[in-house]
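Trainee: Following this message is one structure expressed as C-alpha cells.
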Amino acid sequence: MEGVDLAALLVRVILAVVMFAHGYNHVVNGGKLPGVASWFKSLGFRAPRLQAANASFTELGVAPLLLLGLITPLGAAGVVGSMSVALVANHFKNGFFIFRKGEGYEYVLTLVVVALALASLGGGRWSLDHALDIDDNLRGWAGFAIAAGAGGGGALLTLLLFWRPVRTA
C-alpha cells in the first residue's frame, strides 16, 4: 500500500500547486480579477465578474484541501468543476493539443481525469482524511461520485446558467 500512498501524496501535491498557481495568477498577476472578468466576458459569460471570482477563489480554496488531503474528493471536485468549465468554454474548440492556437484541451482534460482518479484513490495514509479516520468513506466509487457529481454538476450549472458562447457566422 505504500506505493499507493506515495502516489496519492504526489498527485495531491501537484494538483494543489497547479490550482493554487492558477488561482493566484488570476487574482494577483496581469489584469487581476477585472482582467479575468473581461476575458470571461469575451468567452460569453453573462456574469463575468462573478465567474472570475468563482473560478479564481475555487482554485485557491481547493489547494489547501488537496495539499493536506482533507476531504480529498471535495478538493478534487473543485478541480473537476473549474477545469471542466475551462474545457468547454475555451479549450475544446481549439482541438486536442495545447500548442495549437488558442490552446487545445489536452491540459485541462488531464487535470480533470487526474482529479477524478485522485478522488477514487483517496488521500492516502499521509492525509488528514486518514488521520481523521474518514478516508474509508471518501474513496473508491464514493470519492469518484463526490468529485464527478459536485464538480461536474457545478460545471454544468455554471455553463447552463451563465455561458452564452459568442456565435461566429
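Trainee: For region 88-105, name all the residues that are part of a helix (DSSP H, G or I) and of a type outside the set (Phe, Trp, Tyr).
Mentor: 88, 89, 90, 91, 93, 94
Trainee: Hey, another quick one. If residue 88 satisfies all but one of (1) within 21 Å of residue 150 (Cα to Cα); (2) free of Cβ contacts under 8 Å to residues at least 24 places away in the same chain, what's the number of the condition it fails?
Mentor: Among (1) within 21 Å of residue 150 (Cα to Cα); (2) free of Cβ contacts under 8 Å to residues at least 24 places away in the same chain, residue 88 violates only (2).
Trainee: Any idea which of (1) at negative phi; (2) free of Cβ contacts under 8 Å to residues at least 12 places away in the same chain is the one residue 83 doesn't satisfy?
Mentor: Failing condition for residue 83: (2).
Trainee: Against the condition modelled with pLDDT of 95 or more, buried (at least 16 other Cβ atoms within 10 Å of the Cβ) and hydrophobic (A, V, I, L, M, F, W, C), how does residue 109 come out, does it pass?
Mentor: So residue 109 fits the description; yes.
Trainee: Residue under question is residue 152, and the condition is that it be in contact (Cβ under 8 Å) with a residue 40 or more places away in the chain, within 18 Å of residue 19 (Cα to Cα) and surrounded by fewer than 18 Cβ atoms within 10 Å (Cβ to Cβ); does it hold?
Mentor: yes
Trainee: For region 53-61, indicate whether the set of residues that are in a helix (DSSP H, G or I), free of Cβ contacts under 8 Å to residues at least 40 places away in the same chain and of a type in the set (D, E, K, R) is non-empty.
Mentor: no
Trainee: Separate question: Within region 20-56, restricting attention to residues that are in contact with a strand residue (DSSP E or B) (Cβ under 9 Å, 6 or more places away or on another chain) and small (Gly, Ala, Ser), which residue is surrounded by the most Cβ atoms within 10 Å (Cβ to Cβ)?
Mentor: 52
Trainee: Based on this model, can you work out whether residue 145 counts as part of a helix (DSSP H, G or I), surrounded by fewer than 19 Cβ atoms within 10 Å (Cβ to Cβ) and touching a Pro at 6+ places or on another chain (Cβ under 9 Å)?
Mentor: yes
Trainee: Quick one: residue 139 ticks every box in (1) in contact with a Pro (Cβ under 9 Å, 6 or more places away or on another chain); (2) charged (D, E, K, R); (3) surrounded by fewer than 13 Cβ atoms within 10 Å (Cβ to Cβ) bar one, so which box is it?
Mentor: (3)
Trainee: Of all residues being closer than 25 Å to residue 76 by Cα and assigned to a loop (DSSP other than H, G, I, E, B) in region 21-52, which is modelled with the highest pLDDT? Just the residue, please.
Mentor: Out of the qualifying residues, it is 47.
The values are calculated or read from the model by the stated rules, or taken from the named source; none is laboratory data. This is a predicted model, so every value here is computed, not measured. Positions of Cβ are backbone-derived with ideal geometry, glycine not excepted, and every protein chain shown enters the neighbour counts.
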